[in-house]
């Protein structure tokens, strides 16, 4: 009993501190100092949530800027023990883990590059037009990839290519703290701006 009581008191104390007080304090500080980020950096339009600054979405229409490929998957509806491709599945954030000798990776890259060439888009092909990100949910693309899509979007929307390029440039985010990473474009921001243009 002399060992049990102190152990029980410490268990209850640390449960209260680390299980209740610390999470509530961190959540409260986050909500007070960074309210948008603490709520998931959500993007709203006409009063409804349409996405997040942090999670990409699968856009496939020629009218929109396309994101980079995504390697996320989901259980096969016909056999839950097997995965199937499910691009931008936020419940399954992951890379493909396919190595340089993977035939599946080689086939995917070959098909993507053939699709790119067949669509009449500019060469050389930007790297992020073919490769997936580590999370499979990257909301950004490079300037090269975004600008390479301008002619396709302009044609689909019956707009000038200069208008599309202007929207892309206006949505370009600089390097983090001015030194880290490369300039990048948030795909959802561009697509929202495109929908706001009157043709």
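The values are calculated or read from the model by the stated rules, or taken from the named source; none is laboratory data. Model, not experiment: these values are computed from the prediction. FYI the Cβ positions are ideal-geometry reconstructions off the backbone, even for glycines, and counts take in every protein chain you see.
One table, with the values for the structure above:
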quantity	calculated
Test: residue in the stretch 39-48 that is touching a strand residue (DSSP E or B) at 6+ places or on another chain (Cβ under 7 Å), loosely packed, with under 11 Cβ neighbours inside 10 Å and at negative phi	yes
Counted residues, the stretch 115-162 - those being surrounded by fewer than 19 Cβ atoms within 10 Å (Cβ to Cβ), assigned to a helix (DSSP H, G or I) and in contact with a strand residue (DSSP E or B) (Cβ under 7 Å, 6 or more places away or on another chain)	1
Residue 57 being surrounded by 14 or more Cβ atoms within 10 Å (Cβ to Cβ) and either assigned by TED's automatic domain parsing to the domain that holds residue 157 or touching a helix residue (DSSP H, G or I) at 6+ places or on another chain (Cβ under 6 Å) (or both)	yes
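Per-residue answers, yes or no, for (1) under 13 Å from the mean Cα position of the chain (by Cα); (2) surrounded by 13 or more Cβ atoms within 10 Å (Cβ to Cβ); (3) assigned by TED's automatic domain parsing to the domain that holds residue 149:
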residue	(1), (2), (3)
12	no, no, no
33	no, no, no
61	no, no, yes
64	no, yes, yes
71	yes, yes, yes
84	no, no, yes
92	yes, yes, yes
103	no, no, yes
110	no, no, yes
